1. Output the relative contact order of the chain, whole-number percent, from Cα pairs under 8 angstrom with separation of 6+ residues.
2. To the nearest µm²/s, what D does Stokes-Einstein give for segment 239-281 at 25 °C and 0.890 mPa s, using the Kirkwood radius over alpha carbon pairs as Rh?
3. Can you tell me the FRET efficiency between residue 204 and residue 235 if r is taken as the Cβ-Cβ distance and R0 is 25 Å, rounded to the nearest 0.05?
4. What number in nm² do you get for the chain if you take the convex hull of its Cα atoms and divide its surface by four?
5. Over segment 255-388, calculate the relative contact order: mean separation of alpha carbon pairs under 8 Å at least 6 apart, over the residue count, as a percent.
6. Stretched out fully, how many nm does the piece from residue 114 to residue 92 gain, at 0.36 nm a residue minus the Cα gap?
7. Once label points are set 7 Å from the Cα along Cα→Cβ at both residue 248 and residue 564, what is their separation, rounded to one decimal in nm?
8. Counting pairs of alpha carbon atoms under 8 Å apart in space and at least six apart in sequence, what relative contact order in percent does segment 458-538 give?
C-alpha cells in the first residue's frame, strides 16, 4: 500500500498536479506589451481567431503606409477571399506537367515557364483566390495649421496590450493635446469597438477614417494599395448615428456596418475614403463590423464588446495549460516565458479559426494568403498538448469539406484514397507549385490530429467522426509506397521533395523523416481499425512489414536515401533539419536507433547553417533534444540567437524583411515547451526538457503528454 501511495505522489509530481496552483492572471499580465515609441515592427493585434485587426500607436490603423514594411496594419478574416475575373477562361489542366516516375506517367500541378498560355494559367491559379484586406479603420487628425498629422506628430506614446482582457490602451499627444484610446475586438463577431477621449474632438480635429484598398494580387498584400479606384465599389448608406458600406470587388461582396455614440457628419472624401467626424464632444465611441452578408443582428456597443472581450479572454487563460518560470535564476527564463505567453495570445487571435491558417495569420498575405497544409501541424497541434482540443477540432472539419478534391488529386495520379493539398484555400483548391506538388509530409498530419483528439476524448464517437479521413489518408500512403521487387521492400519515391526542401523530386526517394512518419501513421491507422473492431488492412500491414529501413551512413542518418552526400554537400546543411523530426515530432518507433539519432543530432547541432533556417526549426530541434535526454540543448535551441528565432516586442516570430511575422514558429514553440515540461509517452523523467542544474524553476499545469 505504501508503494502505491508513493507511486501516486510521484505521478502527481510528474503531471504538475501536486505543485502550487499558478496565478494565471499574474503570469499573463507580467508580459503585457508596452510601446513608448514608433516601431513598425511592434504593431499590436486584437482578434478572435477568425478575424484580426492590427493597430499602430494610435490604437487604430491611422498610418498604414508607415507600417507596410514592418508588421502591417491588416484587417483580415477567414471568410474574406477575392478572385479577379477570369476573362481568359483558364483550365486547371493547363497547369499540369507529366513526369515519368517509377515506371509510369504521373501529372503534377507545377510552375511552368512555357508555353505562355500555360504559364499564365499557373500564375492565375496561384494568385486566385487570394485573401482579402478588408479595409483600414484609423484616425484622421488635423494639426492646427489644417494639415493632416503624420506619424512624426504623435508624441508621448504610452500603449499597452493587456492580454488578460484583450484590451489595447493607447495614449499620446498631438501638438500637446492628449488623446486616450481603448480598443477591443468582439470574440464571436468580426467587430471592433473603440472609445476615444480628447480635446481634439471638440475642435473637430479628430475623425474616424475608413479607407478601402484594392487587392494587389501579389505574393504579399499589406493592405495599402490605393490605386485602381475604378475597379471596385464602396457604396455608403448612413445617417447621423450609423452607416453601412457595401463593398463590391469583381467576384467578391461584403459589408461594413458601423455605429457611433455622438451625432456625426459622414463625408466621402474621395472614392473608397470616408470620414466620420463627431460634433463637439469629450468622448466618442465607434463600433464597426465586417461581414460577408448583411445581418439583422444588432451591432454590439462599445461596452458590450469590452465586456465580451474581457470575459472571453479570462475564460481562455483560465482554461488549458499554463507554464510559470518565475524563480528561475537562468537569465533566459523570463524571455522564454514571455515568448510562451505572447505566442498563446497571437495564435488565439490569428489562427484559431475553422480553416488551416496562412503562415502570416490574419495580418497580411504571404503566398497570396493561402494556407500551407504541411504547416497545419505547427500552427495547431499544440492546442491538443495545451488542453485546448476544441480549438484544434474547429479546423479539422475542413478536411471533410475538401475530401472530394483531395480524392480527385489521388485519382488523377493513379493512387488510392486521398492526397491532401499543399498550398490551398478555404474551398480546397490546389495551387500550382514546383515544390508543393511533390511534398508528402502533410499527408499523415490528419492522423496525428485525429489520434490526439482520441487521446483527449477516448470515445467511439471520436473514432467514427474521423475514421473516414484516417482510413482514406492511410490508403493513399500505402498506395504511394512503391514496392521494389528486386530489393523486396517498399520505397517512398522517386517523385518526392522532403520536408527539407533541398532535393530534386525526380531523384529523391526515402527521406528519413517521411519514412518514420509513414510507419507511425500506418500503424496508428491500424490501431483505429482495431478500436472499431474492424479487421486490419492487409495492404497497410504489407507496407508496414516491408517498408525500407532508415538510410544510415557513418553511424548517422542520411537526410534521404538518395542523398548519399548528405554530410558533404554544403547546400544540404540549410533549410529544415527535418531528419530530426524522426525522433522529435514523432515518438520512438522500431525504425529509429536512438544512438544513431544522437550522433545525427550532434552533427547537425555543430554543422548546420542555422542562419538559413525557419522559425519552427528551433522547436523541432528542442523536441528532438528532449527525447534524446539533452535538456540543456533543448533550452539552447529555443533561445538560439539566430535572426529567424527572433521574437519581437509584440511576440511575433520574425524571419526577414519579406516575412516579418511567422506564426508556425509561435505554434512550434508551444508544442516544444509542452513536450519539454509534460513529456511524452513512456517518459518517466519529470520536466524532461528542462536542465537539472538548479537554475530553472518550472511549474506547469493543464498540459497533455505528446505521443
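1. In percent, rounded to a whole number, it is 14.
2. The Stokes-Einstein estimate is 212 µm²/s.
3. The pair residue 204/residue 235 has a calculated efficiency of 0.45.
4. Its Cα hull, projected and averaged over all orientations, spans 32.7 nm².
5. 16
6. Gain on extension, residue 114 to residue 92, equals 6.4 nm.
7. Each label point lies 7 Å from its Cα, and together they span 6.6 nm.
8. 25
Every number here is computed from the coordinates shown, using simple stated rules; none is lab data. All figures in this text were calculated on a predicted structure; none of them were measured in a lab. Virtual Cβ from ideal backbone geometry, glycine too; neighbours counted across all protein chains shown.
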